[in-house]
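Enquirer: A single structure is presented below for examination.
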Amino acid sequence: MLGAVVMGIGTAGFVRIRDMLAPLPSSPAEKLSVKGFISRRPLEEQQGVSQISLEEALSRKDIQVAFVCTENACHEDNIRTFLQAGKHVCVEYPMTMTHKAAVELQDLAQQKGVVLHEEHIELLTADFKQLKKDITGKKLEEGSLHFTGGPLKPGFGLLAFSGIARLTWLVDLFGELSVTMATVEEQTDKNYTKMTAHLLTSDNRPLTWVEERGPGLPRVKNVNFRFDTCQVTELPPAPREPVGIFMQDMVLFAGKLLGQVPPEQLEAETRRVLHCLELADRIHELSRG
Ligand code: NAD
């Protein structure tokens with residue numbers, strides 16, 4: 001068994017504890033055992049699990065794994081602290097707020113011989129899997145992905161990073177991308193921001209990614225992908241899968257811990273994670289300039 005600690009008791013942290021207490025039967029997730037949680041606030045037991053200090057989690061030999069479920073802005077420091085103590089880390093996306101920091105952390109994980117996994121539940125949803133199947137073999141002419149949602153909570157940072165899930169969709173569907181232009185529109189008094197990034201596929205097909213956040217905006221993804229043979233203007237309906245998306249991610253992470261994930265898959269995943277963070281960096285840089 002691998003003992004685990006959960007840092008950050010928000011929506012994601014709650015789900016991580018829940019899933020470790022009732023792992024998918026006969027899956028690698030059964031090998032994880034939750035030993036405690038870390039919070040900046042003194043809290044009562046959560047789902048029967050006790051609060052422990054960061055120092056205790058770092059020093060305990062029976063804790064080999066950390067789930068970092070805090071706000072985006074503190075991921076980098078928290079991951080580094082756990083990696084330096086030789087713990088495996090699963091971090092909720094985005095791993096960091098710069099590409100450089102993610103490269104350093106990946107190197108540190110390698111030096112320490114531990115796993116650094118970035119959760120990407122958006123790739124595990126039934127509608128995304130169906131969309132990917134539907135477009136296999138089709139040639140993209142042009143496309144757009146427009147996300148809207150409520151204002152970002154404090155500590156969740158820049159749109160290009162907080163929205164990395166949308167960028168990851170585009171990269172997973174259409175391969176590595178480049179950024180040609182990016183803009184950000186902000187109305188601070190209205191708590192409204194809109195980022196528009198113009199991207200190109202490796203065969204020069206244009207893709208537009210928009211992240212728009214403001215009070216009252218519904219949490220929705222609008223897609224419009226034009227292919228040589230058809231056009232996709234909405235996400236395909238797909239029945240909910242019996243295994244939840246956070247649990248699917250935990251199974252993948254635990255599979256990595258047990259050495260069950262093929263090296264080619266690990267390499268492809270690391271390349272994708274770093275590529276998306278590099279794009280986010282570039283989008284941020286261009287939108288400021
Ligand atoms: P949240 O605001 O509900 O929870 C964050 C929690 O972390 C808060 O309770 C905060 O007090 C705590 N925290 C922050 N810094 C801490 C520290 N140093 N020590 C201990 N606790 C600390 O946010 P959330 O929705 O759970 O999101 C957390 C992370 O998960 C984010 O990176 C987000 O991008 C990612 N994520 C969330 C979801 C989701 O469905 N909620 C999905 C995918 C990824």
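Enquirer: Whenever you get a sec, line up ASP249, ASP189, ASP134 from highest to lowest accessible area (probe 1.4 Å, protein heavy atoms).
Expert: ASP189, ASP134, ASP249
Enquirer: Could you state the accessible area per residue of the chain in Å², with a 1.4 Å probe and every protein chain left in place?
Expert: Per-residue accessible area for the chain comes out at 48 Å².
Enquirer: Just the Cα atoms of segment 38-89: what Rg and Dmax do they give in Å?
Expert: Radius of gyration, then largest Cα-Cα span, for segment 38-89: 11.2, 29 Å.
Enquirer: If you build a Gaussian network model of the chain, linking Cα atoms that sit under 10 Å apart, which residue out of GLN106, GLN248, GLN187 swings the most?
Expert: In this elastic network of the chain, the residue with the biggest mean-square fluctuation among GLN106, GLN248, GLN187 is GLN187.
Enquirer: At 0.36 nm per residue, and after removing the present C-alpha to C-alpha distance, how many nm does the segment from GLU185 to LYS132 gain when stretched out fully?
Expert: Going from the current span to full extension adds 16.0 nm.
Enquirer: Return P(r) of segment 84-173 (all Cα-Cα pairs; 10 Å bins starting at 0; whole %; ordered from short to long distances).
Expert: All Cα pairs considered, the percentages come to 13, 37, 32, 16, 2.
Enquirer: What would the Debye equation give as log₁₀ I(q)/I(0) for segment 124-177 at q = 0.18, 0.28 Å⁻¹, counting only Cα atoms as equal point scatterers?
Expert: Normalising to I(0) and taking log10 leaves -0.73, -1.27.
Enquirer: Then there is this: Return, for the Cα atoms of segment 135-256, the radius of gyration and Dmax in Å, separated by a comma.
Expert: 16.1, 46
Enquirer: Enumerate the amide H contacts of LEU2 below 5 Å, restricted to partners 5 or more residues apart or on another chain; note that Pro and chain-start residues carry no placed amide H.
Expert: LEU32, SER33
Enquirer: Now, a different point. Does segment 217-289 come out rounded, prolate or oblate, given a ≥ b ≥ c as the square roots of the eigenvalues of its C-alpha gyration tensor, rounded meaning a/c under 1.5 and, failing that, prolate meaning a/b above b/c?
Expert: Taking the square roots of the gyration eigenvalues as a ≥ b ≥ c, segment 217-289 is oblate.
Enquirer: Here's something else I'd like to know. Quick check for segment 72-185: number of Lys pairs with alpha-carbon distance under 26 Å, counting only pairs 8 or more apart or on different chains?
Expert: For segment 72-185, the number of qualifying lysine pairs is 6.
Enquirer: How large is the dipole of the chain about the Cα centre if only Lys and Arg carry +1 and Asp and Glu carry -1, each at its Cβ, rounded to the nearest 20 debye?
Expert: Dipole magnitude for the chain comes out near 320 debye.
Enquirer: Using only the alpha carbon atoms of the chain, find the Kirkwood hydrodynamic radius as the inverse mean reciprocal pair distance, in angstroms to one decimal.
Expert: Hydrodynamic radius (Kirkwood, Cα pairs) of the chain is 20.0 Å.
Enquirer: In a shell of Cβ-Cβ distance under 12 Å around SER178, excluding SER178 itself, what net charge do Lys and Arg (+1) and Asp and Glu (-1) give?
Expert: The answer is -1.
The values are calculated or read from the model by the stated rules, or taken from the named source; none is laboratory data. All figures in this text were calculated on a predicted structure; none of them were measured in a lab. Note that we place each Cβ from the backbone using ideal geometry, even for glycine, and neighbour counts take in every protein chain shown. The protein model used for the area step is the full one, side chains on, heavy atoms only, and it has no ligands, DNA or RNA in it. Shrake-Rupley method; radii C 1.70, N 1.55, O 1.52, S 1.80 Å.
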